[in-house]
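Everything below concerns the one structure shown next.
Each value in this text was obtained by applying a stated rule to the coordinates, not by laboratory testing. Remember, it's a predicted structure, so these values are computed and weren't measured experimentally. Cβ placement follows ideal geometry from the backbone for every residue including glycine, while neighbour counts extend to all protein chains displayed.
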Amino acid sequence: MNVDVGIWHKLTKIVLFLLFVAAVLTVGVLYMPLIRQNEGMRREVVRLENMKRENEEKYKRLKAEIEAIRTDPKTVERLARERMSYAKTNETVIRFEPLQDGRP
């Protein structure tokens with residue numbers, strides 16, 4: 001025997017489907033701020049890792065410079081000549097300065 005329940009069976013299926021969609025959307029809406037916060041934190045982690053890498057490179061470069069200053073007398077002499085305009089006996093220091101009005 002085949003009983004036709006009519007529209008009520010179809011409406012029940014539609015209502016259950018809509019309730020399922022509403023539940024999925026509710027979960028999505030509730031977790032969206034957490035997802036955005038997670039994305040922001042990941043961007044911050046990437047930025048901090050880049051900063052860490054740059055600082056490590058700077059540390060290595062500065063450590064090499066310090067070691068060169070401690071051990072290499074030619075480095076000390078070069079720095080004294082460049083930064084302090086020191087010269088050996090009977091040498092003349094010539095400085096080239098840019099023009100103030102911007103002309104070459």
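Odds and ends about this structure:
- Label assignment, percent of Cα pairs over 16 Å apart derived from the structure, set (1) 52; (2) 81; (3) 69: (2)
- Three-way shape label, region 57-104, alpha-carbon gyration tensor, a/c 1.5: oblate
- Neighbourhood charge, 11 Å Cβ-Cβ cut-off, centred on Y86 and excluding it, Lys, Arg +1 and Asp, Glu -1: +1
- Charge sum, other residues only, whose C-beta stays under 14 Å from E54's C-beta, Lys/Arg counted +1 and Asp/Glu -1: +3
- Compared with the rule-of-thumb size 2.2 N^0.38 Å for a compact globular protein, region 7-63 has a Cα radius of gyration ratio of 2.38.
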